[in-house]
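Beneath this line is the structure, given in structure tokens, with notes to follow.
Throughout, read-outs are computed from the coordinates displayed, never taken from laboratory work. Note that this is a predicted model, so its numbers are computed, not measured. In this analysis, Cβ positions are derived from the backbone assuming ideal geometry, glycine residues included, and neighbour counts consider all displayed protein chains.
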Amino acid sequence: MGEEVKVFGYWASPYSYRAELALKLKGVSYEYINEDIFGNKSDLLLKYNPVHKKVPVLLHNGKSIVESVVILEYIEETWKHNLYLPQDPYDKATARFWIKFIDEKCFPTLWLAAWSPENEREKVTNEACEYMKTLESALNGKKFFGGETIGMVDIVASSVGYFIRVTQEIMGLNLLSADKFPQLFQWSEDFANCSIVKESLPPRDKLLPFVKGLIAKYQQDNAKA
Amino acid sequence: MAEEVVLLDFWPSPFGMRSRIALAEKGIKYEHKEEDLRNKSALLLQMNPVHKKIPVLIHNGKPVCESLIQVQYIDEVWHDKAPLLPSDPYQKATARFWADYVDKKIYEVGGRVWKTKGEKQATAKKELIETLKLLEKELGDKPYFGGESLGYVDVAFIPFYSWFYALEKCGNFSIEAECPKLIAWAKRCMQKESVAKSLPDQQKVYDFILEMKKHFGIE
């Protein structure tokens, strides 16, 4: 069967990464197109995501799906094997709750804590720690948020478990530490050590200088404002 | 089997209205509990410890939080009546996209319309109209965003219609003049019992906004 699956992404984007990991977990072959999101977005990207003009975009047999969480739900419903969402409606609702929590609270605050100016950093850091404590409670003794195997919450939490950890290294912060959040820290180690995750994450040695540059840009823009 | 459904709510909340509509569409009997947000009940704090917000849907003692998650839950549990999400994955993704768009834009931009003055308000009004026009374009010639019947995006968006009068008065503009097809859609939705019974009176909402403005010291 001729399935055409393409992902328009950016190699360092945590959102783009989610779409790719989901396809890999399902064993779906796809063509990856790296977009120059900081320079010149392609005409195709603007055509397939006219509202937000962002990556990732999933193109399936010519039809475009955008917004990383919408893409994850679409992939789950289209390729109905190696499921990463629970079947029970209540458990599904719980997974969706944590996904929203990560995207609206955890991830943005942790990113903010990384680049905020000194005088604002403590307040944001305290907030971030509260969110991480709450997120850790969602693990509830399980290896992954999805249980024994990676689920959709784990895919989304990769933004925290990998991308934020790299960010913290650059900034010399130690928010997601083994002593402060032992369960969450262990989860991030277990997650990054899964073979399918390990081979698909953007390499640390490439990501470090990129995030360093991005933080510098944010700090510069903030100073100007 | 005795199903116990409770909704912790606050009457002007567009988010609470979404769940009210979904439950009504499915014909589910439930207990509606009005919360005083300045004095949140022990039940609310217990059922939504993370955000301490309404609405909270409690089904047989188990809480579901976040309005769109509730609407999807209601659609999945009571799947044999009035489906809100399409069954086709691509159409479902499109519905999710637009509901997410409503979530990201309407509340925040609408909020700026009644909370600000002068240039900030002018900017907010312009942004709101642009947002509404994009939604109007997506609606096209369909009677509902869901097609021939009320769907997920309709449920996500129609609650904000109860706030339009208040926004128009605060911003001194007419939404109908800019987006007539959208207002036609809203009136069409209001003819449905599930929607009419779930949305508060627009004047009542305006009075509430005026009270909020006084409380926050906004002229």
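Under a Gaussian network description of chain A, with springs only between Cα atoms under 10 Å, the residue in A:Leu44, A:Leu201, A:Leu23 that fluctuates furthest is A:Leu44.
In this simple spin-label approximation, A:Asp103 and A:His52 carry label points 7 Å from Cα along the Cα→Cβ vector, and these lie 0.6 nm apart.
For the range A:196-210 versus the range B:78-112, the inter-centroid distance based on Cα atoms is 34 Å.
As a rough footprinting exposure proxy, the listed residues A:Arg18, B:Arg188 were ranked by other beta carbons within 10 Å of their own, and the order from fewest upward is B:Arg188, A:Arg18.
Once the chain from B:Asn172 to B:His215 is taken as fully extended at 0.36 nm per residue, the excess over their C-alpha distance is 13.4 nm.
In chain A, the calculated helix contribution to ellipticity at 222 nm averages -17000 deg cm²/dmol per residue, counting -39,500 (n - 2.57) for every DSSP H run with n ≥ 4. The range B:143-219 and the range A:133-156 have Cα centres spaced 39 Å apart. In loop segments of the range B:88-151 as defined by DSSP, the trypsin sites (Lys or Arg not before Pro) with at most 14 further C-beta atoms inside 10 Å of their C-beta are B:Lys117.
The B:Ala184 and A:Glu130 beta-carbon pair, evaluated with R₀ = 41 Å, returns a calculated FRET efficiency of approximately 0.35. Peptide A:66-75 has a mean shielding of 4, counted as Cβ atoms of other protein chains within 10 Å of each residue's Cβ. Relative protection proxy for A:154-166, B:8-20, B:163-175, from highest mean packing down: A:154-166, B:8-20, B:163-175 (other beta-carbon atoms within 10 angstrom). Among B:Asp141, B:Asp154, A:Asp91, a tally of other beta-carbon atoms within 10 Å of each Cβ gives an order, fewest to most, of B:Asp141, A:Asp91, B:Asp154. Taking each residue as 0.36 nm, the span from B:Lys29 to B:Tyr107 lengthens on full extension beyond its C-alpha to C-alpha distance by 25.2 nm.
Sparse packing (at most 12 other Cβ atoms within 10 Å of the Cβ) combined with a DSSP loop state is found for the following GluC sites (Glu not before Pro) in the range A:146-225: A:Glu148, A:Glu199. Overall, the ratio between the Cα radius of gyration of the range A:5-78 and 2.2 N^0.38 Å, rounded to two decimals, is 0.99.
Shielding value for A:97-105 is 3, the average number of Cβ atoms from other chains within 10 Å of each residue's Cβ. When shorter helices are ignored and each DSSP H run of at least 4 residues is given -39500 (n - 2.57), the per-residue value for chain B at 222 nm works out to -17500 deg cm²/dmol. Ranking of A:Met171, A:Met132 by neighbouring Cβ atoms within 10 Å, starting from the fewest: A:Met171, A:Met132.
Extending 7 Å from Cα along the Cβ direction at B:Leu43 and again at A:Ile33 yields two label points whose distance is 5.3 nm.
Coupling constants for the range A:154-161 follow from the phi torsions by the Karplus curve (6.51 cos²θ - 1.76 cosθ + 1.60, θ = phi - 60°), and in residue order they are 4, 4, 5, 5, 4, 4, 8, x Hz; glycine and proline get x. What FRET efficiency comes out for the pair A:Gln87/A:Asn61, r = Cβ-Cβ distance, R0 = 25 Å, nearest 0.05? Efficiency, from the Cβ-Cβ distance: 0.45.
For the peptide B:42-52, the mean number of other protein chain Cβ atoms found within 10 angstrom of a residue's Cβ is 2.
How would you classify the range A:43-163 from its alpha-carbon gyration tensor, with a ≥ b ≥ c the square roots of the eigenvalues: rounded for a/c under 1.5, else prolate if a/b is greater than b/c, otherwise oblate? Oblate shape, in that a/c is at least 1.5 and b/c is the bigger or equal ratio.
Beyond 27 Å in Cα-Cα separation lie the following of the pairs B:Lys104/B:Lys181; A:Lys63/A:Lys206; B:Lys81/B:Lys104; A:Lys54/B:Lys81; A:Lys80/B:Lys192; A:Lys47/B:Lys105: A:Lys63/A:Lys206; B:Lys81/B:Lys104; A:Lys54/B:Lys81; A:Lys80/B:Lys192. Here, P(r) means the percent of Cα pairs in each 10 Å bin from 0 to the largest distance; for chain A it is 7, 32, 37, 20, 4, 0.
Look at the Cα gyration tensor of the range B:1-117: its axes a ≥ b ≥ c give a/c of at least 1.5 with a/b at or below b/c, and that counts as oblate. Rounded to the nearest 0.05, what FRET efficiency do A:Lys41 and B:Lys197 have when you use their Cβ-Cβ distance and R0 = 56 Å? With a Förster radius of 56 Å, E is 0.75.
Subtracting the Cα-Cα distance of A:Glu120 and A:Lys143 from 0.36 nm times their residue separation leaves 4.8 nm of extension gain. Looking at the square roots a ≥ b ≥ c of the eigenvalues of the Cα gyration tensor of the protein assembly as shown, which shape do they give, rounded for a/c under 1.5, prolate if a/b is larger than b/c, or oblate? Rounded, since a/c falls under 1.5.
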